[in-house]
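As structure tokens, the structure follows; a few thoughts come after it.
The values are calculated or read from the model by the stated rules, or taken from the named source; none is laboratory data. Just so it is clear, the structure is predicted and the values come from calculations on it, not from any experiment. So basically every Cβ, Gly included, is an ideal-geometry build from the backbone, and we count neighbours across all protein chains shown. Just so you know, the surface numbers come from the protein's heavy atoms only, side chains and all, with ligands and any DNA or RNA stripped out. Shrake-Rupley method; radii C 1.70, N 1.55, O 1.52, S 1.80 Å.
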Number of protein chains: 4
Amino acid sequence: MSLPAEFHALAKRVNNWGRWGADDEIGTLNLLTPGVVREAAATVRSGRRVALALPLRQDGVQTGLIPGRVNPLHTMTAINQEIFGPGTVAVSDDAVTMGLQAATHWDGLTHVSHSGRLYNNRPADSVTAHGGATVLGIEKAPPIVSRGVLLDVARARREDSGGPGRLPAGHTVTPEDLDAAEELAGTRVRPGDIVLVRTGQIQHYLAGDRDAYAFPSPGLSVRTPEWFHARDVAAVAVDTLTFEIFPPEIDGLWMPVHALHLVEMGMIQGQNWNLEELAGACAEENRYAFFLTAMAEPFVGGAGTPVAPVAVL
Amino acid sequence: MSLPAEFHALAKRVNNWGRWGADDEIGTLNLLTPGVVREAAATVRSGRRVALALPLRQDGVQTGLIPGRVNPLHTMTAINQEIFGPGTVAVSDDAVTMGLQAATHWDGLTHVSHSGRLYNNRPADSVTAHGGATVLGIEKAPPIVSRGVLLDVARARREDSGGPGRLPAGHTVTPEDLDAAEELAGTRVRPGDIVLVRTGQIQHYLAGDRDAYAFPSPGLSVRTPEWFHARDVAAVAVDTLTFEIFPPEIDGLWMPVHALHLVEMGMIQGQNWNLEELAGACAEENRYAFFLTAMAEPFVGGAGTPVAPVAVL
Amino acid sequence: MSLPAEFHALAKRVNNWGRWGADDEIGTLNLLTPGVVREAAATVRSGRRVALALPLRQDGVQTGLIPGRVNPLHTMTAINQEIFGPGTVAVSDDAVTMGLQAATHWDGLTHVSHSGRLYNNRPADSVTAHGGATVLGIEKAPPIVSRGVLLDVARARREDSGGPGRLPAGHTVTPEDLDAAEELAGTRVRPGDIVLVRTGQIQHYLAGDRDAYAFPSPGLSVRTPEWFHARDVAAVAVDTLTFEIFPPEIDGLWMPVHALHLVEMGMIQGQNWNLEELAGACAEENRYAFFLTAMAEPFVGGAGTPVAPVAVL
Amino acid sequence: MSLPAEFHALAKRVNNWGRWGADDEIGTLNLLTPGVVREAAATVRSGRRVALALPLRQDGVQTGLIPGRVNPLHTMTAINQEIFGPGTVAVSDDAVTMGLQAATHWDGLTHVSHSGRLYNNRPADSVTAHGGATVLGIEKAPPIVSRGVLLDVARARREDSGGPGRLPAGHTVTPEDLDAAEELAGTRVRPGDIVLVRTGQIQHYLAGDRDAYAFPSPGLSVRTPEWFHARDVAAVAVDTLTFEIFPPEIDGLWMPVHALHLVEMGMIQGQNWNLEELAGACAEENRYAFFLTAMAEPFVGGAGTPVAPVAVL
């Protein structure tokens, strides 16, 4: 079995291999130029800050269905230990074990491969057990700072069937949905932007139902990578676990959006971003563009990274 | 044995307990107001970005001397796994075990206690094995975004004895050193700023010698918390493992700066920040103030957090 | 709130504090004398070996209800890595993160405390975050080798209501049940024996239903510690998650059997032991006593330990 | 580069592929028959028990040279937590992260491969990141119970140059050394035995010097696998980190004994076994054969396992 012709046709249309040289390891993050960053900083008006990461806790979004993607196990390695003797200043330390894709995260460029290849024609077997991603690792990412644009599809589509401000589970987010949300946003998405697509699905998790959150889930259509490619965005993040519509649109074609973004475009993508407070802030201030930082933790060889993004309005 | 009178006198002078209410859990991060953030964004000129985190790897800065503070163990939980069947898109995932204080990090407010107390008169025993920091946890921190100011003490003191651009191991960074570095910076440190104090000590680690990096180490004097308190800064970070001068200035008084910052002032502090590239950029652009984000990963109950800070010039 | 008088009366009757000296840290494991071991070895007839541990895997018996008691996360840290150069012998290594009480395990003597006390009147606060069990740790356990006796209560009670060879969920295992199983076993339990009590409850887990396995669960009555104390056994292990009847017999008295065994008697106890194959073997050979080793992994400061017991018939 | 002809000649002479069928996954553990076990049990005379595992602690034998093989990080996930409310029985739990080959352990059959092959002609790439050892995993091992024979080479060779009862670092343990130790033991090694070869090297670690322990190290010669093959032993364990002589005998031929034992013979092997107390007991009782259990922890897909062996004399 192999990927269908339809996929390969899409792949050809969004492919960025070689665009930034044969040795490039960061893909669309090349679009984060000083000029883009300057313009992003210029969007700051109110100075309001909105954090977009979920709390890191053992009852996180992972349900156990994906082996290895474990919720954070946070443990204290010292509690008020008087390491220099009785009566001295006391120390508390802690440690964690967690899947790098377990909570609010970026998928790195090696998170998926297809047909034996990673972005920029690198071989899939360059990912090894002892070295992790020996090319294209998340530690190669430059500082992720840009203009963020919230595409609040849930609001733009005034979806009520899925509850207030939430798309129903079966809703495939199409390019037309992105157009509608862009119009609501009142700004055109431009090269180097980081786009945040809101479905409202994370409301399930925030309400304590992580099974409903997981899937079925609304998500991006296989047609949306072309939209992002046309706008030349630097990255895309969403408020779902699966990123793309799940179960998938095309029978037997699993994770096509992952493959188009990560492998063909060389574009990192974010999942489990909490966009609820941000949606409220954008609606209040009636603007959907802001300064965004979403720094990768520089895990050497990482296929992904937890991220604590912040929007500054 | 208990802490000397000298310590208690210093403590009284910098104490912030009750300043933001009896229930406050974030201390000097209260100083990060929208106005401060707006002014910080206005410092952006060139759009140059500088990352300040060390790579996360197993041969990180920890030497094993502090039990439990383990360097990151990064492992792949899947490599090119065709989870939906042969020929489908393949997935690579990873996981990590690490001390939260192991690499570039923020000390959270519960990282140290003295005399049975944490910041804002909270009891030290509110830190528990199963819940971590049940008050004052790092997940309580608001988005850490402000103006950053580099106080390049190594450069200001033109220290050659410790090698080019590096203070010698025994150098205690005094308020006078901070004054000199502030003068070099050409800007006065103001309320809400995040101050980055450069000693150059991290050059040892970057050159492969983590024992030399660990200690003896230059670091902040017990007299500097008053300086930071007078300027009313939001946080302080440094490029050393020990933060403060180590071995300490006053015989038998271990970690007094930690105790003054974290317990008395309620001010988080950062260690193992790589300020080398930033120092070069600031010297080149001849300005030492910039936009800084240094988001805590929101570990529930965390006594600290890894951080991937970015300075935007 | 405190423990009821009924509990304290039971506690007094089974208490072993001081029996092996004020400094004793191993409790009833003192009963494992050379003579007991010799007699145990003499039980071997067929040479048949039966392993009693469940496989260690991520879909283990833990359901997530007990925070921190995580199923094993097994990861490869190297796969066929030619560490000495191309064409040389290649190495695969692995690592694990797991709760020590997650799978087939021994509860160590510090696993529970009551009224601020551990076994032998040691203070509960001798358990610390940085040191673990600073007294009574599992690493103090001598080699756990003795005569094992299977008390197959499920078989003795010919319980059909809970399915073939399995006690129903609400069945409290009483001293009378133990008497009946002992009669079936055809041997009297004697000092130093390790008693394995079979309920059949683990069949739920083996059939893939870990929720049914967890609870409600049949288990030992609060009256059984006196039985074990009278027989002077060295340890007791069972094939359930909760060890004792759960929910408990006496309203509001949680985990009394744990407290009586671990704190009062100083007797370690085992959970999640797979006794199914052993039950078949004992029935076939028509004898229920055998040579048993069930070595603690010597975790320094451990409150428990995974164990891979083996019965030799 | 490939393995030299000399290696392949040795490999051919000790190869067991197909001996127990094409599907066999346990190799020489097939030799652990009921008869062997019965005879092993019959060796018990004094009932004396000797544990052979090193304590599991963060300052274990690993020095950090082998990435991923991390010493145990033991943390408390609960300390005296009154999970059912104030005044109830309180619970302490713990967790661990550790390399499976970090301490006293068995190398499983997939721990090394050569020429793309594992034992019994299985492909090396059957070891995967998500599944571990999908064939030949350590969980396939039957209960490891047999007669143990201590071959105290250090004592037999009366080596004083390396200190009392310890071979010098450069000593290659030869078949002639094994003959001498067997003569000292007063029993002939026979099929199914588990042989413990003592060098005394672990005295370095016990004295606090783990660098001296690691290497250079005395160890088994490339000629010894033939000796073990001729005796048809079930397994071999030693008191060193490297198992075989290190640096190796033949320039550029790294880890040949590992490859011969694990890949060619299908024989698991043990490292970091503490044989010091056992050596004293055997000398005292003047017999070197005993009952041994050394159960693998059944990690599904494990390339190795920590082990807590016990000798019963």
Query raised in the report: Out of the stretch D:91-121, which residues are more than 8 Å from chain C (Cβ to nearest Cβ), open to solvent by less than 10 Å² (accessible area, probe 1.4 Å) and not small (Gly, Ala, Ser)?
Result: D:Thr104, D:His105, D:Trp106, D:Asp107, D:Leu109, D:Leu118, D:Tyr119
Report task. Test D:Ala102 against the criterion of being hydrophobic (A, V, I, L, M, F, W, C) and outside any loop (DSSP other than H, G, I, E, B), and give yes or no. Result -> no
Query raised in the report: Say we look at the stretch D:126-161 and pick out the residues that are open to solvent by less than 20 Å² (accessible area, probe 1.4 Å) and charged (D, E, K, R); which of these is farthest from the other protein chains (Cβ to nearest Cβ)?
Result: D:Asp152
Report summary line: Across the stretch C:187-214, the tally of residues that are at positive phi and either basic (Lys, Arg) or touching a residue at least 40 places away in the same chain (Cβ under 8 Å) (or both) stands at 2
Query raised in the report: Would you call D:Gly165 within 14 Å of chain C (Cβ to nearest Cβ), assigned to a loop (DSSP other than H, G, I, E, B) and either open to solvent by less than 10 Å² (accessible area, probe 1.4 Å) or not acidic (Asp, Glu) (or both)?
Result: no
Query raised in the report: What is the one condition in (1) open to solvent by 10 Å² or more (accessible area, probe 1.4 Å); (2) more than 9 Å from chain A (Cβ to nearest Cβ); (3) under 25 Å from B:Met98 (Cβ atoms) that B:Val300 does not satisfy?
Result: (2)
Report summary line: Considering the stretch B:211-245, residues that are modelled with pLDDT of 95 or more and open to solvent by 40 Å² or more (accessible area, probe 1.4 Å), and then whichever is nearest to B:Glu6 (Cα to Cα), we arrive at B:Arg223
Requested in this report: Determine, yes or no, whether D:Ile79 is in a loop (DSSP other than H, G, I, E, B) and without any contact (Cβ under 8 Å) to a residue 24 or more places away in the chain.
Outcome: no
Requested in this report: Kindly establish whether B:Thr88 is touching an Asp or Glu at 6+ places or on another chain (Cβ under 7 Å), surrounded by fewer than 23 Cβ atoms within 10 Å (Cβ to Cβ) and more than 7 Å from every other protein chain (Cβ to nearest Cβ).
Outcome: no
Requested in this report: Take the stretch B:169-178 and flag every residue that is acidic (Asp, Glu) and in contact (Cβ under 8 Å) with a residue 24 or more places away in the chain.
Outcome: B:Asp177
Query - Boolean, C:Arg69 is under 24 Å from C:Ala234 (Cα atoms), at the interface with chain D (Cβ under 8 Å from one of its Cβ atoms) and either in a strand (DSSP E or B) or not polar (S, T, N, Q) (or both) - result: no
**Report entry** Filtered residues of the stretch A:99-146 (kept if touching a strand residue (DSSP E or B) at 6+ places or on another chain (Cβ under 6 Å), under 25 Å from A:Phe290 (Cβ atoms) and not polar (S, T, N, Q))
**Finding:** A:Ala103, A:His105, A:Trp106, A:Asp107, A:Gly108, A:Ile138, A:Pro143, A:Val145
**Report entry** Of residues in the stretch C:37-61 being within 7 Å of chain D (Cβ to nearest Cβ) and part of a loop (DSSP other than H, G, I, E, B), the one most open to solvent (accessible area, probe 1.4 Å)
**Finding:** C:Arg57
Report task. Mind telling me which of the residues A:Met265, A:Met255 ends up being open to solvent by less than 10 Å² (accessible area, probe 1.4 Å) and within 19 Å of A:Asp107 (Cα to Cα)? Result -> A:Met265
Query raised in the report: Is at least one residue of the stretch A:184-200 open to solvent by 10 Å² or more (accessible area, probe 1.4 Å) and among the hydroxyl-bearing types (Ser, Thr, Tyr)?
Result: yes
Query raised in the report: Listed residues D:Val91, D:Val37, D:Val50, D:Val70; which is at pLDDT 95 or above and closer than 15 Å to B:Asn71 by Cα?
Result: D:Val70
Query raised in the report: Which members of the stretch C:276-297 meet the condition of being at the interface with another protein chain (Cβ under 7 Å from one of its Cβ atoms) and among the charged types (D, E, K, R)?
Result: C:Glu297
Report task. Among the helices (runs of 4 or more DSSP H) lying completely within the stretch A:184-243, list those that include at least 2 residues that are acidic (Asp, Glu). Result -> none
Query - Answer residue from the stretch C:244-259, given it is more than 10 Å from every other protein chain (Cβ to nearest Cβ) and touching a residue at least 60 places away in the same chain (Cβ under 8 Å) and is nearest to C:Arg117 (Cα to Cα) among those - result: C:Ile250
Report summary line: The condition of being buried (at least 19 other Cβ atoms within 10 Å of the Cβ) and farther than 21 Å from D:Gly99 by Cβ holds, among D:Glu25, D:Glu6, only for D:Glu25
Query - Boolean, A:Gly21 is more than 7 Å from chain B (Cβ to nearest Cβ) and in contact (Cβ under 8 Å) with a residue 40 or more places away in the chain - result: no
